[in-house]
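The values are calculated or read from the model by the stated rules, or taken from the named source; none is laboratory data. Note that the coordinates shown come from a computational prediction; the quantities given were computed from them, not determined experimentally. Methodologically, a virtual Cβ is constructed for each residue, glycine included, from the backbone with ideal geometry; neighbour enumeration extends over all protein chains shown. Surface accessibility is based on the protein's heavy atoms, side chains included, excluding ligands, DNA and RNA. Shrake-Rupley method; radii C 1.70, N 1.55, O 1.52, S 1.80 Å.
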Amino acid sequence: MNIAILSFAHMHAESYAQALLAQENVTLSGIWDDDVARGKDAAHRYGTTFYADLTALLQTDIDAVIVCSENYRHKALVIEAAKHHKHILCEKPIATEVEDAKAMIKACEAHQVTLQIAYPVRFIPAIEAAVSYIKAGGIGDVIAINAANHGQLPGGWFIDKEKAGGGAATDHIVHIMDVVRWMLDDEVSGVYARLATLFHNIDVEDSGQVVIEMEKGTLLNLDPSWSRPRTFPMWGDVLMEVIGTEGTLKIDGFKDTTTFYDDQAKQVTALSWGIDMDERLVQDFVSCINEGRKPFITGEDGLRTLKVVKAAYQSNETNQFVKVTR
């Protein structure tokens, strides 16, 4: 299978490229980037061809693309790839606006191509095990969930509201929300959010508390902040406490690490030895194309989580509980 990467603007492009190279019968067949220097550098490092012309790349015999551009470019790149009948793995969030996400889904359906959204947290073993246990009724009915997706400030275009669509809320609500929807087989009915800029001198929010009510009554309290300092051993975390009528599960998604006290660098680093969630995401994308099956994480999943993000911003602006429609 021949796969290309569209843009190295997002840091996950690096791990996706490595994942492609690690798979049998898969070739990283090209890279397009609107930043020529960045694209040429990536192509050189991964031993593939750089294309300055997007159409020229899409007209080759590639089977699929991975979109790793700035968030606001997702719509145009996905629709163009769909028109050229290429399957698509799109970095999260699916888009910056709900109507853009709907247009992307419609285009992929019209051209009969796969659209999978990059929510690699689903592939963390601790998350998988917890979801399986909860779905099997292991903790009874889920009453409430306390969750956090903290991170360090990513900088760059991530703190540009136009290019990213927002700040920490855009970046981090979607991961937890996707897991919760999958875990509970339920949808969001409403959102109340307070967002703020507390840790950094930037123009977008870097912190917040988001209270989410699910249709079946479960309450989710979520901290989606960029609150981790540069001295933190790793970039961030995925933490969940799931409270049921018959027990409680505590989940630490990134616990599979070895602590390295690095005298030379004068810092403490967490070295991961567990499953590479990005690699498993790419493996799943490749297998769904080979098998002709529905993707594990659909465009609709991306749309539903984006609606929650937009509701959080609306709630913060109005100081009101905001209903979310299916």
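A few comments on the model shown:
- Selected residue (criterion: nearest to Ser225 (Cα to Cα)) from residues of region 195-211 that are touching a helix residue (DSSP H, G or I) at 6+ places or on another chain (Cβ under 6 Å) and assigned to a strand (DSSP E or B): Gly208
- Once region 132-148 is narrowed to residues that are open to solvent by less than 40 Å² (accessible area, probe 1.4 Å) and under 10 Å from Met240 (Cβ atoms), the residue that is farthest from the chain's Cα centre (by Cα) is Ile145.
- Test: residue in region 169-176 that is under 25 Å from Asn319 (Cβ atoms), part of a helix (DSSP H, G or I), hydrophobic (A, V, I, L, M, F, W, C) and open to solvent by 30 Å² or more (accessible area, probe 1.4 Å): no
- Complete set of residues in region 29-84 that are over 13 Å from Leu6 (Cβ atoms) and acidic (Asp, Glu): Asp41, Asp61, Asp63
- Look at (1) outside any loop (DSSP other than H, G, I, E, B); (2) in contact (Cβ under 8 Å) with a residue 60 or more places away in the chain; (3) more than 21 Å from Glu97 (Cβ to Cβ); (4) not hydrophobic (A, V, I, L, M, F, W, C) and you find that Ser132 fails only one, number (2).
- Of the numbered criteria (1) at pLDDT 95 or above; (2) surrounded by 17 or more Cβ atoms within 10 Å (Cβ to Cβ), the one Arg228 fails is (1).
- Qualifying residue in region 79-102 (condition: open to solvent by 10 Å² or more (accessible area, probe 1.4 Å) and at positive phi): yes
- Screening the candidates Val204, Val180 for the property of being closer than 23 Å to Glu70 by Cα, among the β-branched types (Val, Ile, Thr), open to solvent by less than 10 Å² (accessible area, probe 1.4 Å) and without any contact (Cβ under 8 Å) to a residue 60 or more places away in the chain yields one hit, Val204.
- Selection from region 23-53 of residues that are part of a helix (DSSP H, G or I) and surrounded by fewer than 19 Cβ atoms within 10 Å (Cβ to Cβ): Val36, Ala37, Arg38, Lys40, Asp41, His44, Arg45
- Extreme residue, least open to solvent (accessible area, probe 1.4 Å), among residues of region 267-326 that are of a type in the set (Lys, Arg) and not in a helix (DSSP H, G or I): Arg293
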